[in-house]
Amino acid sequence: MTRGEAGRRRVWPAVVALAAPAAAGAPVVWAWSLDRPVGAGPLWLCAAALTVGAAASVRPGRGADRRADRRTGSGGDAAVRAWAVVLLAAVWGAAFATAQAVHTVQVRAHEPRSVAAAVTHCRATGQRPVEGGGLGSKTYGCTYRWSVDGQEFSDERPVDEPYPDGHEVRVWLEDGGRMVTGRPSPAAVPFWIVLALLGLAAVPYAAVRLAAQVREADR
């Protein structure tokens, strides 16, 4: 068997096995980034494919192969595996950042509904840990009560300081009348857009470098 044939046998199973979770995992990462339930099944499937890809490519080359890699400047199979992982991370990172950018733009572009809420039953919920051990200032939680179209809602949320019973505040609402903790800062819009663009640019770059390393390993 030639060196190129041996390289193909080690390299291509890893590339194919890493391409599968890269493609299948992107929508999972998108949903997870928006706190949507994704279930354990897709996550385990991606982890299994990643493990298979790594295991298929760990067979070490012979000493002569490694010396040839050093003479030609090629990273060999190790470089292929490294760029395959970089491509996987780029795809998933781009999916995460793009989902955050889309969500942030949608939230900032559409003013959510807000209603008056009464704050009641404020209580101490614990103490903040301090550096070096021990406990510091107290933490508090209050129950917010509001109504939407005649339906009553309530939710306990952390607060910096306790409010007197009956204190009225305005709260933002999601679809279904659920309370939103806060809205993203305007600075979050360009932040996530830039990260998304960088991630999307990294995907073809990593793919090109991976293809180049595969060609080197096939020689």
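Before moving on, here are some points about what is shown:
Okay, residues lined up against (1) in a strand (DSSP E or B); (2) touching a residue at least 24 places away in the same chain (Cβ under 8 Å):
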| site | (1), (2) |
| --- | --- |
| Pro112 | no, yes |
| Val115 | yes, yes |
| Val119 | yes, yes |
| Cys122 | yes, yes |
| Lys138 | yes, no |
| Tyr144 | yes, yes |
| Asp155 | yes, yes |
| Pro186 | no, yes |
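- Residues of the range 132-152 that are touching a strand residue (DSSP E or B) at 6+ places or on another chain (Cβ under 6 Å) and either modelled with pLDDT under 85 or among the hydrophobic types (A, V, I, L, M, F, W, C) (or both): Leu135, Gly136, Cys142, Trp146.
- Every pair of residues 6+ apart whose Cβ atoms lie under 6 Å, when the first sits in the range 193-209 and is without any contact (Cβ under 8 Å) to a residue 12 or more places away in the chain while the second is outside any helix (DSSP H, G or I) and open to solvent by 80 Å² or more (accessible area, probe 1.4 Å): none
- In the range 157-183, the residues that are part of a strand (DSSP E or B) and either at positive phi or acidic (Asp, Glu) (or both): Glu168
- The single condition among (1) within 30 Å of Gln213 (Cβ to Cβ); (2) open to solvent by less than 60 Å² (accessible area, probe 1.4 Å) that Val86 does not meet is (2).
- Positions within the range 116-148 being under 32 Å from the mean Cα position of the chain (by Cα) and either surrounded by 14 or more Cβ atoms within 10 Å (Cβ to Cβ) or of a type in the set (Ser, Thr, Tyr) (or both), in sequence order: Thr125, Thr139, Tyr140, Gly141, Cys142, Thr143, Tyr144
- Qualifying residue in the range 153-161 (condition: open to solvent by less than 80 Å² (accessible area, probe 1.4 Å), modelled with pLDDT under 85, among the basic types (Lys, Arg) and within 29 Å of Trp30 (Cα to Cα)): no
The values are calculated or read from the model by the stated rules, or taken from the named source; none is laboratory data. No experiment lies behind these values; they were computed from the predicted model shown. Note that each Cβ is placed from the backbone with ideal geometry, even for glycine, and that neighbours are counted across all protein chains shown. To get the accessible areas, we keep the full protein, side chains included, count just its heavy atoms, and leave off ligands, DNA and RNA. Shrake-Rupley method; radii C 1.70, N 1.55, O 1.52, S 1.80 Å.
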